[in-house]
Amino acid sequence: MVDVQHRIIDESYARDLLPTRGAEAHKWDVGGVIVVAGSPAYPGAALLTSRSAGRSGAGIVLLATSRSVIATVASAIPEVAYIPLPETESSSGARKASELIREHLERVTAIVIGPGLSADEASGNLLASLFGFGGGSESVRGRMGFGSDGPVPRGSEVAASTIFSDSDVNVVLDADGLNWLARQERWWEKLPAQRVVLTPHPGEMARLLDRPIEEITAEPVAVAAEAARMWSQTVLLKGGNAVVSNGETTLVADLAAASLATAGSGDVLAGVVGGLLAQTGSLVDSAALAVYVGPRAALRVEDRFGVLGVVAADLPDAMATELALLTA
């Protein structure tokens with residue numbers, strides 16, 4: 001694989017990526033984010049992602065999840081608003097859930113999808129309804145009719161009403177969202193270009209590319225850049241020194257932290273990317289700033305608890321502290 005030109009994300013580079021806000025800013029002006037996360041088995045993922053989005057500066061966080069998850073996490077994140085979703089595996093229930101989420105898209109600028117959703121039929125139906133493929137949704141090509149004149153542009157084979165057709169919102173796709181995507185045939189042809197940040201760890205990247213994980217870990221910079229070009233999206237490849245690429249610009253984190261090998265750290269990272277994306281609108285900048293502060297936050301917590309003692313719940317506040325230090 002060819003060597004890929006890349007830049008290291010150092011303090012100077014990261015400082016230039018920081019969002020700014022004026023004294024007269026309103027929460028909706030700052031940037032709102034919807035988090036679609038959590039399930040009865042993984043309610044903590046919804047909490048961690050939402051808390052991290054808020055701690056990274058999102059003006060308002062809306063958590064779209066089931067009522068049972070809301071009952072579990074609401075007291076721990078009182079600043080979060082909710083979009084209660086029906087608890088059903090039916091396709092009609094998924095369509096209703098999708099409609100409830102899409103009703104709020106005009107007011108937000110980013111949406112994080114995937115942490116803790118689980119791999120059950122209910123989550124698959126919801127994702128298919130949100131993205132407009134993978135679940136039999138009627139496509140633009142189908143509605144245009146057989147033999148329609150002219151080529152169908154890339155990304156037009158999504159359903160008439162999806163998270164992309166309803167708004168200009170950008171998406172952070174993580175965890176179970178990525179695993180669902182990996183099961184969809186030629187999914188990258190069905191997404192509008194540069195509207196999604198994909199945040200795989202090496203195992204998820206191996207599934208997305210249908211390659212051995214050893215190929216991913218051997219050359220992460222080249223793999224991330226190649227995937228970003230092929231998919232026309234932004235890739236944040238986790239593991240060690242994280243890599244961010246949109247196919248043209250490739251960036252590598254200057255630090256890694258062994259303590260990030262803990263359950264829930266990926267949920268925190270997805271929330272931070274979403275919170276920053278809601279404010280800046282830049283996929284690659286938001287991902288780059290997140291992977292700059294992430295290891296530093298982990299090292300900060302290590303100073304208190306050691307490498308073995310870090311848990312994901314420690315990280316959102318530490319992330320906020322690292323962002324604050326960049327403004328000093």
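The values are calculated or read from the model by the stated rules, or taken from the named source; none is laboratory data. These numbers come from a predicted model, not from an experiment. Cβ placement follows ideal geometry from the backbone for every residue including glycine, while neighbour counts extend to all protein chains displayed.
Key figures
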{"quantity": "Subset of region 75-96 that is over 19 Å from residue 59 (Cα atoms) and of a type in the set (A, V, I, L, M) - its residue that is modelled with the highest pLDDT", "calculated": "85"}
{"quantity": "Selected residue (criterion: surrounded by the fewest Cβ atoms within 10 Å (Cβ to Cβ)) from residues of region 163-202 that are on the phi > 0 side of the Ramachandran plot and out of contact with any Pro (no Cβ under 9 Å at 6 or more places or on another chain)", "calculated": "186"}
{"quantity": "Filter result for the condition that a residue is closer than 22 Å to residue 16 by Cβ and either in contact (Cβ under 8 Å) with a residue 12 or more places away in the chain or aromatic (Phe, Trp, Tyr) (or both), over 240, 266, 274", "calculated": "274"}
{"quantity": "Top-ranked residue of region 11-33 - restricted to ones that are out of contact with any Leu (no Cβ under 6 Å at 6 or more places or on another chain) and either more than 24 Å from residue 62 (Cα to Cα) or in a helix (DSSP H, G or I) (or both), ranked as modelled with the lowest pLDDT", "calculated": "29"}
{"quantity": "Hits in region 1-33 - residues which are within 15 Å of residue 250 (Cα to Cα) and not aliphatic (A, V, I, L, M)", "calculated": "3, 5, 6, 7, 10, 13"}
{"quantity": "Pairs where the first residue, in region 114-125, is on the phi > 0 side of the Ramachandran plot and among the hydroxyl-bearing types (Ser, Thr, Tyr) and the second is surrounded by 17 or more Cβ atoms within 10 Å (Cβ to Cβ) and part of a loop (DSSP other than H, G, I, E, B), C-beta under 7 Å, 6+ apart", "calculated": "118/39; 118/42"}
{"quantity": "Residue that is nearest to residue 123 (Cα to Cα), among those in region 62-105 that are assigned to a loop (DSSP other than H, G, I, E, B) and in contact with a helix residue (DSSP H, G or I) (Cβ under 8 Å, 6 or more places away or on another chain)", "calculated": "89"}
